[in-house]
């Protein structure tokens, strides 16, 4: 209920952010109903119909294998949602836990936060590249790598927020009424962190898209046969002059989705509790 | 100032050591014999045995670490499997391109980011502000490689104004005019980072403009432009400088992609190619060099911050 | 003609598309060498009046909707921005309530004073610096030739307010507007700052508009007083006349809430209720919900300004019944 009101106030009077939100809803629908929406099999190769221009029945044309670009784009939405939510889940779970526990158990926290500092000495994509070197190309590993990269910043932010909340009267009250550590952390402190976490999640989602696309482009992300927007760009980039649509559609889809997510994050951040505003850096 | 610098350098050492342990462990996390990994598939059993003895791979891990650290401190980062050359000289050959690219990008970021950010903040709430701040967010949402591909298509392929790929050294034929090879790459790399600076400058200028001392400045009868630059922007610069380390990290990450798109012989492309070639000594070396560089940049940012804000005690 | 004449000043705030009046029909004048005190609780419009005179009402949300401000024979509201700025910080200067934050933290105080001097006077940097040192010694900052290179954070609140005064006086203004200059300071420092202002006034002949919520401060330093309540002047008179006979129940309430040392009264009378917010619709006298003498008339009709005694005006239907 509170979350609903939070959303309502965040989007009131923000047309661009509302449009962004609607776009993300569309992407989610496309992801869920991909087999119903896509007119062709995204993996079906048609050697005769290679590099067909956009038209009928191939709305976005075909690629150099003769695969239907529109169908691949629809299935790409599925990858976007999976990579995005997956990375957010890993980052928030790992980073959130480390941050909250560090702020609560100070001695252990001091050590843990120093470790986080060390990990943050590695620039994001470089750390992702180092991790990916050790792993095979797969959807799961891509999610894992991007999630771990953003877990460090999330831990930092959550650490700061939990520290602030720990000093508040309601936490003292909970301690006085005999609440255990677990109960204080998860029943009293965590509910206050829901909206800032939501903001953080939206920015991670946006960054994760860009990182995943970059990994795909470098040939180090998802396996090449997986229809993701980043892979579509990566595979077809040599055809940029012969068949420009092969790059326009997936590229625009990435830009629109990342832009929308940033707009949504921005709107949410502006309506967040002012105590936490400075903690979250977004775009 | 000197004492402060020395003190900050000292606090850097534990983080640096911890990071070096991670970089050291990197090779050990790859399944297989580390000596065989470092030498590649073509190595003979004798070579593997020799390196194994040299690096102490048969001895406890912490001993191996100190052997490795000792080598690193003497500038020995190992030998590239692919180039059959010392890793340090392989990295060094990419340094010119990467440093020039980063410098040009930094110039663009400052030339584009600061003025637009100031414009956006001083015209807060007007259509100029709406266009520039939404535009900046849009620019930050564009994948660098995609932007690069289109710049190549428009300015190199269609218009033929700029070369599309590669970068001959400044010492080669052409001299300083060879910088034109870096024009499109540096603009590509600058776009998302300048966008971040625009939004940062705008947000911190709006914060500062609400402070009391700005009213004092206006009460002096100063021209609004002077108030905006000398009192609002100058103070906002403190927050902007603090975020500069973040910009640098973003720059390094995106340089990897940009150098690949434009086929520039820099350190970024070297990493990607080394990963694809499984040239582990080079990967390890580049990561170490960049982490050290990143920490030095962060230190520089801290020192700049202390200079910009007299309230930061230098003691 | 007086140095500063404010006539029927109206200021409104735009909120949610509506214009809400915050200052209504405010008039007063100030002569050279004279101190006018404006007193009232927070939210009564006294600071906005001061900012309006100074030309610092910022942005599009607060603006002057009517009336006149004449200064030294000029109609301030018809001047161009450039002409207005040539007066600000020069012939008219202002000091603010928050000495801790009113100076720019990144510049040395000397440079901040020099900036004001060189904005209005043709001087070299060295000359302006000498002048700044002179001003700092005038406001009794110890070691002025060294302190001129201090940063604001290296000084106490009282010292920073002195720097603000030095800056305000740097171009020998004819009018000094002081918006709660001592509220944020310790009591002992308060007195020093007020004495300093009075002393400088006798030396330079500056006119002062002193804004305060503290009737005690006003009574000690001002030649005449205007009491404001919810955007209107409800009582105005020369200081001794006003304190001789308080004509408005609000003024009386303000005075009763000041602790008096050595008096037999061992409790303080507070005015019940609070200043109504802008959004609250009010008919009649704005003070009626809190007034002890309220009648039906008060709730329906706005009292006009009447002359209670010569030179003593008041806005109250029952002003005669208030006097002790």
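The values are calculated or read from the model by the stated rules, or taken from the named source; none is laboratory data. A quick note: this is a predicted structure, and the numbers were derived from the prediction, not measured. With ideal geometry, Cβ positions are generated from the backbone for all residues, glycine too; neighbour counts draw on all protein chains shown.
A few notes on this one:
- Per the listing C:89, C:37, C:45, C:82, the residue uniquely away from chain B (no Cβ under 13 Å) and closer than 30 Å to residue C:132 by Cβ is C:37.
- Residues of the stretch B:276-315 satisfying the condition of being part of a helix (DSSP H, G or I) and within 14 Å of chain C (Cβ to nearest Cβ): B:304, B:305, B:306, B:307, B:308
- Some residue of the stretch B:194-201 being within 30 Å of residue C:114 (Cβ to Cβ) and at pLDDT 90 or above: yes
- Residue count for the stretch B:209-223, restricted to those that are surrounded by fewer than 19 Cβ atoms within 10 Å (Cβ to Cβ) and either in contact (Cβ under 8 Å) with a residue 24 or more places away in the chain or more than 13 Å from chain C (Cβ to nearest Cβ) (or both): 1
- Selected residue [under 23 Å from residue C:47 (Cα atoms), at pLDDT 90 or above and not in a helix (DSSP H, G or I)] from C:184, C:166, C:178: C:178
- Being free of Cβ contacts under 8 Å to residues at least 24 places away in the same chain, farther than 23 Å from residue B:25 by Cβ and surrounded by fewer than 17 Cβ atoms within 10 Å (Cβ to Cβ) is a condition met by no residue of the stretch B:274-297.
- For residue A:225, the test of being more than 10 Å from chain B (Cβ to nearest Cβ), more than 19 Å from residue A:16 (Cα to Cα) and not in a helix (DSSP H, G or I) is passed.
This table checks each residue for (1) surrounded by 13 or more Cβ atoms within 10 Å (Cβ to Cβ); (2) in the same structural domain as residue B:292 (by TED's automatic domain parsing); (3) within 22 Å of the chain's Cα centre (by Cα).
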{"site": "B:7", "(1), (2), (3)": "no, no, no"}
{"site": "B:11", "(1), (2), (3)": "no, no, yes"}
{"site": "B:36", "(1), (2), (3)": "yes, no, no"}
{"site": "B:43", "(1), (2), (3)": "yes, no, no"}
{"site": "B:64", "(1), (2), (3)": "yes, no, no"}
{"site": "B:68", "(1), (2), (3)": "yes, no, no"}
{"site": "B:100", "(1), (2), (3)": "yes, yes, yes"}
{"site": "B:104", "(1), (2), (3)": "yes, yes, yes"}
{"site": "B:120", "(1), (2), (3)": "yes, yes, no"}
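- Tally, over the stretch A:262-283, of residues that are facing another protein chain (nearest Cβ under 8 Å) and at pLDDT 85 or above: 3
- Restricting the stretch C:95-111 to residues that are more than 8 Å from chain B (Cβ to nearest Cβ), part of a loop (DSSP other than H, G, I, E, B) and under 22 Å from the mean Cα position of the chain (by Cα), the residue that is surrounded by the fewest Cβ atoms within 10 Å (Cβ to Cβ) is C:100.
- The lone exception for residue B:165 - which of (1) in contact (Cβ under 8 Å) with a residue 60 or more places away in the chain; (2) surrounded by 20 or more Cβ atoms within 10 Å (Cβ to Cβ); (3) part of a loop (DSSP other than H, G, I, E, B) it fails: (2)
- Residue match in the stretch C:119-139 (condition: assigned to a loop (DSSP other than H, G, I, E, B), more than 14 Å from chain B (Cβ to nearest Cβ), in contact (Cβ under 8 Å) with a residue 24 or more places away in the chain and closer than 22 Å to residue C:193 by Cβ): yes
- Members of the stretch B:151-162 found to be within 11 Å of another protein chain (Cβ to nearest Cβ) and surrounded by fewer than 17 Cβ atoms within 10 Å (Cβ to Cβ), listed by number: B:153, B:154, B:156, B:157, B:158
- A single member of C:6, C:26, C:13 is part of a strand (DSSP E or B), under 24 Å from residue C:97 (Cβ atoms) and over 17 Å from the mean Cα position of the chain (by Cα), and it is C:13.
- Checking C:164, C:197 one by one, the residue that is in contact (Cβ under 8 Å) with a residue 12 or more places away in the chain and within 14 Å of chain B (Cβ to nearest Cβ) is C:164 and no other.
- For the stretch B:77-93, the tally of residues that are part of a loop (DSSP other than H, G, I, E, B) and under 15 Å from residue B:292 (Cβ atoms) stands at 1.
- Evaluation of residue B:66 against the conditions (1) free of Cβ contacts under 8 Å to residues at least 60 places away in the same chain; (2) in contact with a helix residue (DSSP H, G or I) (Cβ under 7 Å, 6 or more places away or on another chain); (3) away from chain A (no Cβ under 14 Å) shows that the sole unmet condition is (2).
- Matching residues, the stretch A:93-114, being within 22 Å of residue A:141 (Cβ to Cβ) and either touching a helix residue (DSSP H, G or I) at 6+ places or on another chain (Cβ under 6 Å) or at pLDDT below 90 (or both): A:94, A:95, A:96, A:98
- Test: residue in the stretch B:234-249 that is within 27 Å of residue A:259 (Cβ to Cβ), buried (at least 24 other Cβ atoms within 10 Å of the Cβ) and within 14 Å of the chain's Cα centre (by Cα): no
- Filter result for residue B:307 (out of contact with any strand residue (DSSP E or B) (no Cβ under 6 Å at 6 or more places or on another chain) and at positive phi): no
- For the stretch C:250-266, a residue qualifies if it is closer than 21 Å to residue C:235 by Cβ and either more than 22 Å from the chain's Cα centre (by Cα) or modelled with pLDDT under 75 (or both), and the qualifying residues are C:257, C:258, C:260.
Yes/no matrix, rows are residues, columns are (1) crowded, with 23+ Cβ neighbours inside 10 Å; (2) farther than 27 Å from residue C:120 by Cα:
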| position | (1), (2) |
| --- | --- |
| C:154 | no, yes |
| C:168 | yes, no |
| C:189 | no, yes |
| C:199 | no, no |
| C:205 | no, no |
| C:240 | no, yes |
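- When residues in the stretch C:28-78 are screened for being without any contact (Cβ under 8 Å) to a residue 60 or more places away in the chain and under 14 Å from residue C:174 (Cβ atoms), 3 of them pass.
- Taking the stretch A:37-148 and the helices (runs of 4 or more DSSP H) fully enclosed by it, the elements with 3 or more residues that are within 14 Å of chain B (Cβ to nearest Cβ) and loosely packed, with under 15 Cβ neighbours inside 10 Å are at A:106-119.
- Test: residue in the stretch B:225-245 that is at the interface with chain A (Cβ under 9 Å from one of its Cβ atoms) and within 30 Å of residue B:156 (Cβ to Cβ): no
- Residue match in the stretch B:262-275 (condition: over 12 Å from the mean Cα position of the chain (by Cα), more than 30 Å from residue B:167 (Cβ to Cβ), outside any loop (DSSP other than H, G, I, E, B) and more than 10 Å from every other protein chain (Cβ to nearest Cβ)): no
- Hits in the stretch C:66-94 - residues which are in contact with a strand residue (DSSP E or B) (Cβ under 9 Å, 6 or more places away or on another chain) and either modelled with pLDDT under 90 or not in a strand (DSSP E or B) (or both): C:66, C:72, C:76, C:77, C:83, C:87, C:91
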